[in-house]
1. For Thr268, are the conditions met, namely being among the polar types (S, T, N, Q), closer than 29 Å to Ile4 by Cα and surrounded by fewer than 21 Cβ atoms within 10 Å (Cβ to Cβ)?
2. Please pick out the residue among Arg150, Arg167, Arg125 that is under 15 Å from the mean Cα position of the chain (by Cα) and basic (Lys, Arg).
3. Of all residues in the range 173-192 being part of a helix (DSSP H, G or I) and charged (D, E, K, R), which is nearest to Ala282 (Cα to Cα)?
4. Looking at Lys65 and the list (1) open to solvent by 70 Å² or more (accessible area, probe 1.4 Å); (2) charged (D, E, K, R); (3) touching a residue at least 12 places away in the same chain (Cβ under 8 Å), which single condition is not satisfied?
5. For Ser71, state whether it is farther than 30 Å from Asp143 by Cα, hydroxyl-bearing (Ser, Thr, Tyr) and open to solvent by 40 Å² or more (accessible area, probe 1.4 Å).
6. For the range 112-145, give me the residue count where each residue is open to solvent by less than 40 Å² (accessible area, probe 1.4 Å) and of a type outside the set (Gly, Ala, Ser).
7. So, in the range 256-265, how many residues would count as being surrounded by 15 or more Cβ atoms within 10 Å (Cβ to Cβ) and of a type outside the set (A, V, I, L, M)?
8. How many residues are of a type in the set (Asp, Glu), surrounded by fewer than 15 Cβ atoms within 10 Å (Cβ to Cβ) and closer than 22 Å to Met144 by Cβ when one looks only at the range 282-331?
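The values are calculated or read from the model by the stated rules, or taken from the named source; none is laboratory data. No experiment lies behind these values; they were computed from the predicted model shown. Because the Cβ atoms are built from the backbone with ideal geometry, glycine has one as well, and the counts that use them run over all protein chains shown. In case anyone asks, the SASA skips ligands and DNA or RNA and just uses the protein heavy atoms, side chains included. Shrake-Rupley method; radii C 1.70, N 1.55, O 1.52, S 1.80 Å.
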Amino acid sequence: MSDIMSTFSWLYGKPVATGKLKQLPEHFIVKEVLGFTFTGKGEHLMVKIRKTGENTKYVANELAKFCGVKSKDISWAGLKDRHAITEQWLSVHLPKSDHLKFALFEATHPGVEILEMTRHNKKLRPGDLLGNSFQLIATEVSDMEDVLARLEKVKLTGVPNYFGAQRFGHEGNNVTEARRWGRENVRTRDNTKRSFYLSAARSWIFNHIVSQRITEGYFTQPVDGDILLDENGRTVNENVTSEENIQKVQNGDWSISAALAGDNQLPTSETALTLEQPQLDAEPDLMALIRGNRMRHERRAVELHPENLSWSAEGDTLTLNFSLTSGSFATVIMRELLQEIEVERTYE
C-alpha cells in the first residue's frame, strides 16, 4: 500500500525507526472533549458510548434503528477512528425514551458499551468538539533511542500541522476524485461527497504549503508578508518579522499560518506569497473545484503542539499520552517518530 503522506517533508527528517501501530484496538484509545456541560433536560437524548472496532456512522445508524428514529435524527461532534477504542457522545432526537431498554442494544452490539445518558436542549454538531485525548501504543519499535530523542524535539517545537492520510481517502482517492470533479465541472446534490472532496482538495494544498516552508527553512521563522495567528486565533499581518513577534512564534505563543485555499485572492504578500501561490497554481483542477463551490479563504496554523505530552518506553513498546484540539491529527505526530509497519489486524 502506498503512503500518500510520503509526498510531504518531515520536520526532523525521515524517521529511522520502524514500528507497528494499532496492532490491537487498545493500542489506540481516543476520548473526546466537548468543552461544555449538558442541561440535563430537553428533547435530545445524549448517549455516551465506548466503541471498539466500529466506526461512528455505523453505530449511529444502528442506534437509530434501535430507537425507532431516522438516521438524520442522530448526530455527533466528531467522527472517530474504527481501528481503536473510542469514547464519544451521540445525540438522539427522542423526546421520550422511557420505554427503551438500552441493555438490549449492548447485547446485540458487542463492540459498543453505553457509558452514560442524559438530556440536552440542542443536538450535537461537528463544531461542538473541543478536542480529543489520546493514548497510543507502538510495538516492535526498532530504534527506541532515536524515537525518544525525536519526542524531546516534538515537545519543544511541535510537529507540522498536516492533515492526516485519512482526510485523503484510501490510496488518496478523495484527492483523485476532487481533481476529476474540478476538471469535469461535476455538479451533485450529494453534500457528503462534495464535502469530502472539497476538504481533501484544500487539505492537500495546505499540506504542500507547510511542506514547502519546511524545505526552505521557514517552519518556525516568519517571513515578510506572512499572516500570524495570535493566542486567540486572530490574524496579525503587521510587523510579522519584528524581533518581538518572531519571539512569540518561537515561544509557541503565536503561530505562523498557511492558506486553506478559497475562491478569493491570497492575502499573503512578498516572500510568504511566493511560498503559497505556486502550490495553488500546481493544482488547477483542485482549485477549479474550490472556486466552483465558492469556498472562502481561511488560515490554519502550520505547527501542531500536542498538549500534556508524556511517554514511557518498556523494551520495544512505546506508550504516548497527549491531547489535541479539534481538527488535528494524532497520526502526524507518530509520522515524525517512526515509519509504520503495516499490520494484519485480527480484529477486523
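1. no
2. Arg167
3. Of everything passing the filter in the range 173-192, Arg179 is nearest to Ala282 (Cα to Cα).
4. (3)
5. yes
6. Total meeting the criteria: 12.
7. Residues that pass the stated criteria total 2.
8. Final tally of qualifying residues: 1.
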